[in-house]
Amino acid sequence: MSAVRLMRAIRVSQFGAPSVLQLCPDVAVPQPAQGQVLIRVHACGVNPVETYIRSGAYSRKPALPYTPGSDVAGVVEAVGEGVSVVKELVVALAPPKNILSVFQPGDRVFTTATESGGYAEYAVAAEDSVHRLPGALDFTQGAAIGIPYFTAYRALVHKAHARAGETVLIHGASGGVGVAACQLSRALGLRVLGTAGTPGGMQLALDNGAHRAFNHREEGYTDQIMEATGGRGVDVIVEMLSNVNLSSDLQMLALSGRVAVVGSRGPVEINPRDTMAKESCIMGVALFFATPGEKQECAALVAAGMEAGWLRPAVGSRYPLGEAARAHHDIIQSAGAAGKVVLLME
């Protein structure tokens, strides 16, 4: 009987403040089941939604104890039953329909979800949540792809049905999803306006596809946005902090405008007449509900973006695994996002 391999991992035994994120040095390395991939994690992205889940404020709560994290990047360590067989048979007989879902040990990959949690030295993920990471991108960039780019695509395309030639406003354009939305919007032929809370954040938005950037901490910034559209308003808004911005968003929309709500930290009061005046639409965005076909569509676009070179993840603060609690604290308290927050295993 082989000895159980151990790893370091963050474990949450109760919901609460960032301090509940505890580094455990003796967690068993998970084993891949059928259709799963075991990944040696080099980096894992930290998403705002993970702070809501950890606090117990999110609608879906994992069973305790658990390890957070969805966006890992690393190297395939092992594959479960069925995965390597598919590799051998399909490649030998015909090109696979989705080459992104066929793996073997040694492949560089990133994920959009994990089964065991990504704040760990090893993670297990379902095969359809694992995607190839090109050599042109490092592991920290790989950890900034999954949730941000898939969410941005779902918000813009699946939900808001953004079309080339339209104008999009990305609120919080300097964060992980914001940068992804800027790059994707530019690639889709949209006119891109972005907001950020610092001059550095505004420049980051401009460097990643925004045509214009505005400081959402400045009084009158919404008037500047309306002026930039010639008074017409924007067609689509990708909203990261709807509890603060949603009411003013509705007033900035053009006729038949759409607000895609990606994030919120609490309730907000709006005037429904603002939706009637523009026949506008407010829609929530949750990657959790994407169908397998929609996920494949996102994966194809992301792969094309990496191949073409316009998909360039912006990595912000980096923390060692043992400082996950500080990463959670900082991601909420930060005065302005500047790229994706990432945990490093080394």
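Since every read-out is calculated from the coordinates, none of them should be taken as a lab result. Quick caveat, the model's predicted, so the values are computed rather than measured. FYI the Cβ positions are ideal-geometry reconstructions off the backbone, even for glycines, and counts take in every protein chain you see.
In the chain, once you exclude exposed chymotrypsin sites (Phe, Trp or Tyr not before Pro) (DSSP loop, at most 16 other Cβ within 10 angstrom), what's the longest stretch remaining?
It works out to 59-309.
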- Which percent of Cα pairs goes in each bin when the distances of region 215-273 are cut into 5 angstrom slices starting at zero? 4, 18, 27, 29, 17, 4, 0
- Query: Can you list the residues of region 269-298 with backbone N under 16 Å from a point 7 Å past the Cα of Ser247, pointing along Cα to Cβ?
  - Reply: 269-275
- Note on the structure: Surrounding charge for Gln14, neighbours by C-beta under 14 angstrom, Lys/Arg +1, Asp/Glu -1, total +3
- Dividing the convex hull volume of the Cα atoms of the chain by its residue count, what figure in Å³ per residue is obtained? 134 Å³
- Message: Once you place label points 7 Å from the Cα toward the Cβ at Val268 and Arg217, how far apart are they in nm?
- Response: 2.0 nm
- Local charge sum around Val27 (other residues, Cβ-Cβ under 13 Å, Lys/Arg +1, Asp/Glu -1)? +1
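Please identify every one of the GluC sites (Glu not before Pro) in region 213-285 that sits in a loop by DSSP and has no more than 13 other beta carbons within 10 Å of its own beta carbon.
Numbers: sites: Glu218, Glu219, Glu227, Glu239, Glu269, Glu279; in loops: Glu218, Glu219, Glu269, Glu279.
Those satisfying the criteria are Glu218, Glu219, Glu269, Glu279.
Let me know the whole percent of all Cα-Cα pairs from region 140-258 that are separated by more than 21 Å. Walk me through the intermediate numbers first.
Values: 1994 of 7021 pairs.
More than 21 Å apart: 28 percent of the Cα pairs in region 140-258.
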- Note on the structure: antiparallel share of DSSP beta bridges within the chain, to nearest 5, in %, is 55 percent
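Where does each of Val157, Val79 land when they are ranked from fewest to most other beta-carbon atoms within 10 angstrom? Write out the running numbers ahead of the final one.
Details: Val157 17, Val79 24.
Ranked by crowding around the Cβ, least crowded first: Val157, Val79.
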- Note on the structure: A correct fewest-to-most ranking of Ser19, Ser280 by other Cβ atoms within 10 Å would be Ser19, Ser280
- Message: So for the chain, if I pair up every lysine 8 or more residues apart or on another chain, how many of those pairs have alpha-carbons under 30 Å apart?
- Response: 11
